[in-house]
Structure formats: structure tokens, C-alpha cells
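Below is one structure; the comments refer to it alone.
The values are calculated or read from the model by the stated rules, or taken from the named source; none is laboratory data. Here the structure is a predicted model, which means the values were calculated and not measured. Neighbour counts run over all protein chains shown; Cβ positions are idealised from the backbone, glycine included. SASA here: full protein model, heavy atoms, side chains in, ligands and nucleic acids out. Shrake-Rupley method; radii C 1.70, N 1.55, O 1.52, S 1.80 Å.
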Amino acid sequence: LWSFALFYITNTVDAQAALAWQYILDISAVWIPSTYFAFVATLLRYKKSLTRNVLYVCSAALSVFSLTPLFKTGIGRLFDFFWVIPGKFYIIFPLFFALVVVLSIGHIIATLRRTNEDSTYSSQLKNTIFACIVGFTAGGTNFFPQFFNIYPFGNYIVIGYIVVMVYGVVRHKLLSPKVVVAQLFTSALMLVSFVEIIFAETTRQIIYKVVIFCVVTFFSWLFIRSVRKEIEIKDQ
């Protein structure tokens with residue numbers, strides 16, 4: 001959602017459309033740190049995580065906060081495309097982002113130090129740390145225009161995160177390839193359904209497409225769950 005919204009913001013010539021996509025971008029972006037920590041918590045096999053739940057609450061609060069002028073006052077032309085104009089307390093978001101990334105890496109390193117260096121699990125953790133550094137360092141340049149008037153060049157490097165993670169899946173069995181393919185397929189369907197809602201022109205169309213989106217989401221969840229169950233049975 002973040003990358004999809006970013007694409008439309010930087011490629012549209014309509015200020016109103018860019019602002020609408022900016023709201024979608026902000027709401028989705030504030031969940032990136034907390035959901036990434038949730039991924040790390042699962043990878044590190046944390047059965048209970050108070051920190052994870054606290055971060056979810058923080059992201060939910062930031063989602064609401066992103067709708068106010070204190071977060072952003074609007075959008076403006078910058079580097080020949082539209083970009084967010086930060087509000088008085090926008091700084092909270094990059095600080096939250098940085099804090100969670102450092103926290104995630106810290107937990108991975110702590111677990112890595114207790115893990116056999118020659119094990120597959122150790123390789124998975126090292127791969128995850130490298131991917132995290134590549135992805136979040138590159139993605140962090142999105143905050144440059146707001147504070148330093150520097151072009152967000154890192155957006156072109158974020159793809160490196162995907163490359164490193166795919167390598168981890170194939171080489172170190174970081175994730176199940178079957179589950180990844182299933183999630184990519186269902187995510188694509190859900191994304192298309194969501195975009196259909198955005199471009200609906202009448203209330204009737206909105207209701208109809210929201211229902212379709214809910215149905216697609218439900219069956220996507222069932223599909224992914226069945227794939228995971230199948231893998232568990234084969235493992236047993």
C-alpha cells in the first residue's frame with residue numbers, strides 16, 4: 001500500500017488526487033515499523049510479546065494522528081513531483097520508525113549471539129539483519145525532503161530488501177516458498193479489490209466493492225491458512 005500510494009503521488013498532476021493518496025501512504029507507512037517488529041518477534045520465536053502489542057497501539061494512534069494538520073499540513077511540488085509538507089509534530093513518525101528498527105536489529109543480534117554460528121538459523125538471522133539495514137536505510141531517505149530538502153534517492157534501493165529476503169527464502173529457507181507465493185497471490189487480489197473501492201464513483205458502487213473486498217480478504221485468509229496447514233502436515 002505504501003509503495004502503491006507513493007507511485008501515484010509522484011506520478012499524478014492532480015493535487016487533490018495526490019493528497020488523497022498521501023493519506024493512504026501515511027496510514028499504511030505508520031504500520032511498517034510495528035508489523036516488521038511482529039515479523040522479527042515471530043522469527044525469534046517469541047511466544048508472548050508485550051512490545052509487539054504496544055507498537056500496534058502506537059501505529060493505530062499514529063494512523064489517526066496522520067489525519068490531522070499536526071502531522072501534515074498538505075502537499076506541495078518538490079523535485080518536480082508532489083510531496084508531503086510536514087506538520088509541527090511530524091518528527092514523531094521518523095523517530096518512531098528509527099526506534100523500532102534499532103529495537104528489531106537489537107533483538108536479532110541478541111538472539112544471534114546465543115545461536116550456533118554454523119546453524120541454518122544463524123544464517124537466517126544474518127540474512128534478516130542485512131535485509132533490514134538495506135531496506136530501512138534506503139526507505140529512511142523518504143524523510144530527507146521533509147527536513148533537509150534532499151531527493152529521496154533511497155526509494156530506488158528499497159528493491160534490494162526484496163532481493164535479499166528472496167535470497168534468504170531460497171538459500172537459507174527463511175520462509176516457506178509455498179506460503180510466500182500464496183501470500184503474494186492473495187495480496188495482489190486484495191490490492192486490486194481495494195483500488196476498485198478508491199475509484200468507485202457512487203455510493204452503491206462503494207458498498208458493492210467493499211463487500212467484494214471483504215469476501216476476497218476472507219477467502220484469501222482461508223487459502224493461506226490451508227497452505228500452512230498442508231505444509232505442517234507434510235512436515236509431520
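Remarks
- Helices (runs of 4 or more DSSP H) contained in segment 136-221 and holding at least 1 residues of a type in the set (Val, Ile, Thr) and over 19 Å from the mean Cα position of the chain (by Cα): 159-172, 177-198
- Test result for residue 205, under 18 Å from residue 3 (Cβ atoms) and surrounded by 13 or more Cβ atoms within 10 Å (Cβ to Cβ): no
- Count of segment 17-39 residues which are among the β-branched types (Val, Ile, Thr), outside any helix (DSSP H, G or I) and without any contact (Cβ under 8 Å) to a residue 40 or more places away in the chain: 0
- Of the set (1) among the hydrophobic types (A, V, I, L, M, F, W, C); (2) touching a residue at least 40 places away in the same chain (Cβ under 8 Å); (3) open to solvent by 80 Å² or more (accessible area, probe 1.4 Å), all apply to residue 191 but (3).
- Entry remark, segment 7-16: residues being in contact (Cβ under 8 Å) with a residue 12 or more places away in the chain and assigned to a helix (DSSP H, G or I) number 5 in total.
- Evaluation of residue 178 against (1) open to solvent by less than 60 Å² (accessible area, probe 1.4 Å); (2) of a type in the set (D, E, K, R); (3) over 28 Å from residue 72 (Cβ atoms) (one fails), failing number: (1)
- Sub-9 Å Cβ pairs linking a first residue in segment 50-61 that is loosely packed, with under 12 Cβ neighbours inside 10 Å and assigned to a helix (DSSP H, G or I) to a second residue that is modelled with pLDDT under 95 and of a type in the set (A, V, I, L, M), at least 6 apart or interchain, number zero.
- For segment 227-236, the set of residues classified as open to solvent by 60 Å² or more (accessible area, probe 1.4 Å) and either at pLDDT 85 or above or part of a helix (DSSP H, G or I) (or both) consists of 228, 229, 230, 232, 233, 234, 235, listed by residue number.
- Residue 10 open to solvent by 40 Å² or more (accessible area, probe 1.4 Å), among the polar types (S, T, N, Q) and at pLDDT below 90: yes
- The residue that is farthest from residue 113 (Cα to Cα), among those in segment 11-53 that are in contact with a strand residue (DSSP E or B) (Cβ under 6 Å, 6 or more places away or on another chain) and not small (Gly, Ala, Ser), is 19.
- Residue count for segment 76-92, restricted to those that are over 22 Å from the mean Cα position of the chain (by Cα) and surrounded by 17 or more Cβ atoms within 10 Å (Cβ to Cβ): 1.
- So residue 175, is it closer than 22 Å to residue 28 by Cβ, out of contact with any Lys or Arg (no Cβ under 9 Å at 6 or more places or on another chain) and touching a residue at least 24 places away in the same chain (Cβ under 8 Å): no
- Those residues of segment 130-175 which are of a type in the set (Phe, Trp, Tyr) and open to solvent by less than 70 Å² (accessible area, probe 1.4 Å), in sequence order: 136, 143, 144, 161
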